[in-house]
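K.L.:
Handing you this structure, nothing more for now.
The values are calculated or read from the model by the stated rules, or taken from the named source; none is laboratory data. Values in this document were obtained by computation on a predicted structure and should not be read as measured data. In this analysis, Cβ positions are derived from the backbone assuming ideal geometry, glycine residues included, and neighbour counts consider all displayed protein chains.
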Amino acid sequence: MTGQDGIEIVDVPVGKRSSLERILDESFEGWYLMHSKRTLRDIELVKAAMSSGEPVGLIMLKTLEVGSVGYVYYIAVSKKQRKRGIGKLLLEDALRIFKKYGAQEVFASVEGDNEASEALFASEGFTRTSFGEVSKKHGKLHTVSMYNSMRVVPGEVLLRKEIA
Ligand SMILES: CC(C)(COP(=O)(O)OP(=O)(O)OC[C@H]1O[C@@H](n2cnc3c(N)ncnc32)[C@H](O)[C@@H]1OP(=O)(O)O)[C@@H](O)C(=O)NCCC(=O)NCCS
């Protein structure tokens with residue numbers, strides 16, 4: 001897929017993902033940095049935004065429920081390339097993929113004070129949800145298992161978007 005300003009979104013197979021670690025180094029610290037690197041190696045789908053052959057952003061995607069629920073695990077853009085619409089291109093591409101595979105809803109969790117991240121998700125129609133709200137739809141036990149898969153930790157807020 002080709003977007004504005006010559007940005008191309010490509011799949012990154014497992015063996016080629018180490019080239020993206022630089023973006024994570026610039027974007028996360030501490031536990032999140034360690035966990036994002038581990039997730040980068042293991043997760044089912046990673047897409048990168050490429051500019052002139054160089055990766056400038058990435059998104060890591062996971063299916064929580066086959067054919068119904070998707071999860072955006074991590075999204076990050078190189079510091080110098082932020083606020084140019086690259087995060088939005090990556091997220092829009094992810095939403096198209098989830099839709100293609102039949103997802104009816106997509107979740108993401110962000111730190112409660114991560115303004116940039118919440119603004120990005122809000123710009124694509126994500127809104128805050130809660131354990132109680134998710135339980136109403138999926139049941140309490142199932143929601144506990146979903147929260148575990150999403151690794152939602154204290155201080156984070158869960159965001160949700162329904163896909164028409
Ligand atoms: C969050 C992040 C991926 C956003 O990427 P980006 O390419 O800069 O985002 P975009 O330029 O596509 O902006 C998308 C929307 O978010 C808004 N936004 C982006 N950065 C913002 C900021 N710092 N403050 C407020 N709003 C911001 C934009 O205005 C835009 O909204 P609009 O479409 O309504 O105008 C980037 O800041 C980043 O890599 N942060 C570090 C990693 C991180 O925290 N990831 C999220 C948790 S996994």
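K.L.:
Can you tell which of Y32, Y73 is hydroxyl-bearing (S, T, Y) and not in a helix (DSSP H, G or I)?
P.N.:
On the way: Y32 fails: not in a helix (DSSP H, G or I).
Residue meeting the stated conditions: Y73.
K.L.:
Exactly one of these conditions fails for R17: (1) crowded, with 17+ Cβ neighbours inside 10 Å; (2) outside any strand (DSSP E or B); (3) near the ligand (Cβ under 9 Å from one of its atoms). Give me its number.
P.N.:
In the conditions (1) crowded, with 17+ Cβ neighbours inside 10 Å; (2) outside any strand (DSSP E or B); (3) near the ligand (Cβ under 9 Å from one of its atoms), R17 misses (3) alone.
K.L.:
Taking the stretch 127-149, which residues are among the charged types (D, E, K, R) and more than 16 Å from the ligand (Cβ to nearest atom)?
P.N.:
Answer for the stretch 127-149, where residues must be among the charged types (D, E, K, R) and more than 16 Å from the ligand (Cβ to nearest atom): E133, K136, K137, K140.
K.L.:
I would also like to ask the following. Can you give me the number of residues within the stretch 78-126 that are in a loop (DSSP other than H, G, I, E, B), of a type in the set (D, E) and either within 8 Å of the ligand (Cβ to nearest atom) or within 20 Å of A49 (Cα to Cα) (or both)?
P.N.:
At the first step, the residues of the stretch 78-126 found to be in a loop (DSSP other than H, G, I, E, B) are 78, 82-85, 101-104, 112-114, 124-126.
Those left that are additionally of a type in the set (D, E): 113, 124.
Retained after the next criterion (residues that are either within 8 Å of the ligand (Cβ to nearest atom) or within 20 Å of A49 (Cα to Cα) (or both)): 124.
Result for the stretch 78-126: 1.
K.L.:
Now for a separate question. Using the structure shown, decide if S36 is in contact (Cβ under 8 Å) with a residue 40 or more places away in the chain, farther than 20 Å from T127 by Cβ and touching a strand residue (DSSP E or B) at 6+ places or on another chain (Cβ under 6 Å).
P.N.:
yes
K.L.:
Moving to a separate point now. Contact list please: Cβ distance under 6 Å, first residue in the stretch 95-106 and more than 15 Å from R160 (Cα to Cα), second residue among the small types (G, A, S), pairs at least six apart or on different chains.
P.N.:
Final answer for the pair search is G102/G67.
K.L.:
Still on this structure, please answer the following. Scan the stretch 6-17 and report the pairs whose first residue is under 15 Å from R96 (Cα atoms) and whose second residue is charged (D, E, K, R) and in a loop (DSSP other than H, G, I, E, B), with Cβ atoms within less than 6 Å and a gap of 6+ or a chain change.
P.N.:
Listed by first residue and then by second, the contacts come to nothing, as the list is empty.
K.L.:
List the residue pairs whose Cβ atoms are under 7 Å apart, where the first residue sits in the stretch 139-164 and is loosely packed, with under 12 Cβ neighbours inside 10 Å, the second is at pLDDT below 95 and of a type in the set (D, E, K, R), and the two are 6 or more positions apart or on different chains.
P.N.:
Hits for this filter: G155/E111.
K.L.:
List every residue pair whose Cβ atoms lie under 7 Å apart, where the two residues are 6 or more positions apart in sequence or sit on different chains, the first residue falls within the stretch 111-136 and is touching a residue at least 40 places away in the same chain (Cβ under 8 Å), and the second residue, located anywhere, is more than 7 Å from the ligand (Cβ to nearest atom) and among the hydrophobic types (A, V, I, L, M, F, W, C).
P.N.:
G112/V157; L120/L91; F121/A108; F121/L159
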